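Worksheet: one structure, shown below.
The values are calculated or read from the model by the stated rules, or taken from the named source; none is laboratory data. Please read all numbers here as calculations on a predicted model, not as lab measurements. So basically every Cβ, Gly included, is an ideal-geometry build from the backbone, and we count neighbours across all protein chains shown. Accessible surface areas use protein heavy atoms only, side chains included; no ligands, DNA or RNA. Shrake-Rupley method; radii C 1.70, N 1.55, O 1.52, S 1.80 Å.
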Amino acid sequence: MKCRRSFEAQVAIGLIALLLSGPAPAEPGPDAGVLYKDHCSSCHGEERLGGQGPALLPASLGRVRAAEILKVISDGRPATQMPAFSGLLAPADVAALAQFLLKEPDVRADWTEADILASRIVGPATPVAPMVQVADPLNLFVVVEAGDHHISILDGDRMEPIARFPSRFALHGGPKFTPDGRYVFLGSRDGWITKFDLATFRIIAEVRAGINMRNIALSSDGKWIAAANYLPATIAILSAETLAPKKLFRVADAKGKSSRVSAIYQAPNRNSFIAALKDVPEIWEIATDPDAPPVYSGLVHSYEQGMVEALASSQGLFALRRITVEQPVDDFFFDRGYRHLLGAARDGDTGMVVNLNVGRTIASIPLPGMPHLGAGISFEWQGRRVIAAPHLNQPKLSVIDAGDWSVIKTIETSGPGFFLRSHETSPYIWADAMLGGKRDAIQIIDKRTLEVTKSVVPEPGKMAAHTEFDRTGRFALVSVWDNDGSLVVYDAVTLEPVKRIPMRKPVGKYNVYNKITFSEGTSH
Ligand code: DHE
């Protein structure tokens, strides 16, 4: 009997064979480097650093499984420029290409200040959409549609989309807004930062701040953008006005060991950026105040004078302070006053509380089940300030006292989730269960009783995630996370849906007012 295998099956077998074939195959296989040059480099760049298409390096593809890479090469990506290669390349070629992309290039990629400057593009003078008058520019929402890599701008008074334009590939993390709410900065995993004018609907400028970026932060005075990178291990500081680079930190601990940056945020009342390092146990505080006092890097003993002297290493704008902690911090959150950083320890079962003023860990909190502290929210409960955070591999939220750092309550949910949201005016927390269990449901938790009061299902069978309130807290918008998805607008009081706005895999949505006022129920 003749066995007929699908193209994907042949490709998968080819890939497995190539992965198992060891260093010296009997027959020379396809030359993947040549295949890449011929078929991929025009869009993805000679050095795989990206171009019209995304970067194709292990660091950039980290979350994409080998099977998905094969599928994308074979079938292309709908609604993008990526064509299907199954008609052009043999299955062994596709498998060889996939394997090639999963390997580090021979030369480790770098991205210098000169590269950043050279990448800068001043945006087109024409708006991306016709201008529409809105009653309240601070009640706009910026919505990231991952399905076809677009941004939609939504008028939060009428709940109507008023502009839609293509974004850079794979935007990730919260956009950052200038203090007056006029401009928004969007960061992509490939390191691109786009500055968009919400008053004229124009792209002001774009720049590539790194090759594989984690997130961006805007300084409290609105003057500086900081980009936290995995590849290369840098923090790039750019002018928020022009996106021109101002300073590039090569990130390494005090002994010189290089480290990726987990994430960076602004600490508004400290006039600084706070970054956690992924590979070394240090937290960095970078001053954004030109008059920042000197930072002391260590103590030396002066034999002549028989005294200990402190070494001031930097001061003023971008002065760097290193805080040594017990272990590297990946995912973290701050208390309301930005006096403490609450970070998840590597074991995935503990929270570490670092007092940023004294510069050391002051408490550790048992939080089994991989707490997702970066998604935490803070609110008042029985006269105390508390922090609630979901867990990535257990169906629960932890509610932590931000005064004595005890766990007040563990709230059982219908599945492990990623994001939490609330609003000052709302008695409820909205929590998804996108990582397991009932993934199409959002659990509504009463902030007064710390009990689940209701579960809403925006669209049965389709994953629901990421809620954001309008500026008044009257409406809550939930993403139906599907290519044929939508934003479902809920009345935040009756908890009933009032409107459905079709969108292509809407991921995050961000309300201008809530962001610029640091609403306690949203991310910062
Ligand atoms: Fe995110 C925010 C890190 C995977 C969607 N994510 C963030 C931030 C960090 C982070 C540090 C805060 C940035 C900010 O706001 O400035 N994310 C990580 C990871 O380490 C992780 C687990 C693995 C990775 O691939 O990087 C990860 N994130 C994802 C996803 O798989 C999600 C669900 C889909 C996607 O688009 O990649 C995802 N992350 C988001 C979203 C935000 C985010 C929508 C912004 C949330 C907000 O409300 O501000």
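Could you give the distance between the Cα centres of the stretch 47-95 and the stretch 460-524, to the whole Å?
Result: 32 Å between the Cα centres.
For Ile162, enumerate residues with amide H under 5 Å from its amide H, sequence gap 5+ or separate chain, H modeled in the peptide plane.
Ile153, Leu154, Asp155
How big is the chain by Rg and Dmax over its Cα atoms, in Å?
Reported Rg and Dmax, both Å: 24.2, 93.
When only C-alpha pairs under 8 Å and at least 6 residues apart count, what is the relative contact order of the chain, in percent?
9
Highest mean first, what order results for 280-286, 177-183, 492-498, 225-231 on Cβ atoms within 10 Å?
In descending order of packing, they fall as 225-231, 280-286, 177-183, 492-498.
Can you give the Rg to Rh ratio of the stretch 126-258, both from alpha-carbon atoms, with Rh computed by the Kirkwood formula?
On the way: Rg = 15.7 Å, Rh = 15.4 Å.
Ratio value, two decimals: 1.01.
So for the chain, taking the charge dipole from beta-carbon charges (+1 Lys/Arg, -1 Asp/Glu), which of Ile429, Leu102, Val498 sits furthest toward the positive end?
The listed residue farthest towards the positive side: Val498.
Cut-off under 18 Å on the C-alpha distance; same-chain residues fewer than 8 positions from Lys71 excluded. Which aspartates and glutamates are left, in chain and number order?
Glu8, Asp93, Asp148
How large is ³J(HN,Hα), in whole Hz, for each residue of the stretch 189-203 in order, when computed from phi with the Karplus curve 6.51 cos²θ - 1.76 cosθ + 1.60 and θ = phi - 60°, using x for Gly and Pro?
With coefficients 6.51, -1.76 and 1.60, one gets 4, 7, x, 7, 10, 10, 9, 10, 9, 7, 8, 10, 6, 10, 7 Hz.
Under 1.5 on a/c is rounded, so check that first for the stretch 350-426, then, if it is not, pick prolate when a/b is larger than b/c and oblate when it is not; a ≥ b ≥ c are the square roots of the alpha carbon gyration tensor eigenvalues.
Oblate shape, in that a/c is at least 1.5 and b/c is the bigger or equal ratio.
Could you provide, to the nearest whole Å², the per residue accessible area of the stretch 366-456 with probe 1.4 Å?
Per-residue value: 36 Å².
Could you pull out every one of the aspartates and glutamates with an alpha carbon less than 12 Å from that of Lys447, ignoring same-chain neighbours closer than 8 positions?
Once the sequence-local aspartates and glutamates are set aside, what remains near Lys447 is Glu380, Glu424.
What pairs from Lys195/Lys505; Lys257/Lys438; Lys37/Lys223; Lys278/Lys462; Lys103/Lys223; Lys103/Lys257 go past 32 Å between their alpha carbons?
Lys257/Lys438; Lys37/Lys223; Lys278/Lys462; Lys103/Lys223
Give the long-range amide H neighbours of Glu47: residues separated by 5 or more places, or on another chain, with amide H under 5 Å away, using H modelled in the peptide plane at 1.01 Å from N.
none
Can you run phi through the Karplus equation (6.51, -1.76, 1.60; θ = phi - 60°) for the stretch 105-118 and list ³J(HN,Hα) in whole Hz, with x for Gly and Pro?
Once rounded to whole Hz, the list reads x, 4, 9, 5, 6, 10, 8, 8, 4, 5, 4, 4, 4, 5.
Convert each backbone phi in the stretch 131-143 into a coupling constant with the Karplus relation 6.51 cos²θ - 1.76 cosθ + 1.60 (shift: θ = phi - 60°), then list the ³J(HN,Hα) values in order as whole Hz, x for Gly and Pro.
Rounded to whole hertz, the list is 5, 10, 6, 10, 5, 9, x, 7, 9, 6, 10, 9, 10.
Taking H as built 1.01 Å from N, whose amide H comes closer than 5 Å to the amide H of Ala252, not counting residues under 5 places away?
The list, which skips near neighbours in sequence, is Ser259.
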